[in-house]
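The values are calculated or read from the model by the stated rules, or taken from the named source; none is laboratory data. This is a predicted model, so every value here is computed, not measured. Here the Cβ positions follow ideal geometry from the backbone for every residue, glycine too, while neighbour counts run over all protein chains shown.
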Amino acid sequence: MALVTPDSGAPRIFASPLARRLAKEAGLDLASLTGSGPHGRIIERDVKSAVAGGVTKKPAPAQKPVALAEAPSAATTRKFYEIDSYEEVPHDSMRKAIARRLTESIQTVPHFYLNIDCEIDALLKLREDFNAAAPKRADGTLEWKTSVNDYIVKALALALQRVPEANVTFTPEAMLKHKASDIGVAVAIPGGLITPIVRNAQAKTVREISDEIRELAGRARERKLKPVEYEGGVSAVSNLGMYGIKSFSAVINPPQSTILAVGKGEPRMVVKNGAPAVATIMSVTLSCDHRAVDGALGAELLAAFKALIEQPMALFA
């Protein structure tokens with residue numbers, strides 16, 4: 001029995017508490033039942049009779065798709081500024097692609113962040129000695145000149161080999177556990193950012209990584225990279241230390257599962273053997289896709305990276 005109440009307009013259904021519970025468990029809509037109790041009240045036998053008779057269950061409400069947040073329209077944004085106070089520069093295809101991919105990443109990939117400080121004095125000394133040993137070519141240029149970033153890429157690649165559970169890509173059906181450490185290197189180019197991939201970085205020398213990054217970055221700035229050279233990968237390095245940035249968090253570039261944001265190496269006071277001392281410290285932040293790399297696993301990966309950076313001779317093993 002249903003009664004429409006004047007205040008709400010919704011039908012009021014008279015049913016015993018037991019009948020309500022049984023109907024809920026059976027997925028039945030009480031409004032579709034006829035009560036046989038006093039004054040048309042729905043009672044236990046009415047529900048059981050409906051279930052036995054195969055009454056259609058109440059359909060589950062349709063799940064609405066989760067809408068992604070949209071940026072304000074250009075017209076909405078323009079209203080905040082005087083017409084002659086700005087120059088409008090249309091987005092090129094690269095900027096549109098970057099905006100779309102990073103928006104999708106931050107909205108669909110559950111990010112979390114881990115920070116650690118690395119002492120890099122030994123690394124800086126090793127790099128200085130290695131570069132000093134480079135012979136000169138006929139034109140007077142050096143055979144090689146490595147950067148700190150080259151060692152960071154190598155260290156991350158080896159860390160992923162030491163912690164293979166983090167060398168993975170998430171898919172809805174399975175985890176892809178990779179054999180090689182393919183590391184992206186963020187390169188700023190006019191109008192945007194691109195991340196060419198150093199394939200099998202764990203198997204390459206620091207010098208080979210340095211030469212490859214220089215060649216890839218050069219072609220990236222000329223917009224001559226092929227898709228295979230910047231798609232895929234398992235992790236990436238984004239280094240803003242040369243701009244004086246102390247620390248930051250980077251957005252993961254799917255299908256990669258992590259990205260390492262590298263800050264500036266700078267002298268800081270530390271404690272060694274119970275006494276204050278000055279050391280060159282570099283802060284790094286690992287962004288992780290929580291579906292693929294959880295907190296403990298991410299911490300293990302960062303610990304492996306720190307060990308390699310602070311004992312850099314292992315990078316040449």
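Just a few scattered comments:
- Yes/no for residue 207 being among the basic types (Lys, Arg), surrounded by fewer than 21 Cβ atoms within 10 Å (Cβ to Cβ), at negative phi and at pLDDT 95 or above: yes
- Residue in the stretch 186-200 that is of a type outside the set (A, V, I, L, M, F, W, C), buried (at least 20 other Cβ atoms within 10 Å of the Cβ), assigned by TED's automatic domain parsing to the domain that holds residue 115 and under 20 Å from the mean Cα position of the chain (by Cα) present: yes
- Cβ separations smaller than 9 Å between residues 6+ apart or across chains give the following pairs from the stretch 80-91 residues that are outside the structural domain of residue 191 (by TED's automatic domain parsing) and within 26 Å of residue 190 (Cβ to Cβ) to residues that are among the small types (Gly, Ala, Ser) and in a loop (DSSP other than H, G, I, E, B): 91/191.
- Selected residue (only one of 173, 215, 222, 231 is within 18 Å of residue 253 (Cβ to Cβ), assigned by TED's automatic domain parsing to the domain that holds residue 148 and out of contact with any strand residue (DSSP E or B) (no Cβ under 6 Å at 6 or more places or on another chain)): 231
- The set of residues in the stretch 261-304 being under 24 Å from residue 231 (Cα atoms) and either touching a helix residue (DSSP H, G or I) at 6+ places or on another chain (Cβ under 6 Å) or not assigned by TED's automatic domain parsing to the domain that holds residue 124 (or both) consists of 262, 286, 288, 293, 301.
- Test result for residue 300, assigned to a strand (DSSP E or B), on the phi < 0 side of the Ramachandran plot, of a type in the set (Asp, Glu) and modelled with pLDDT of 95 or more: no
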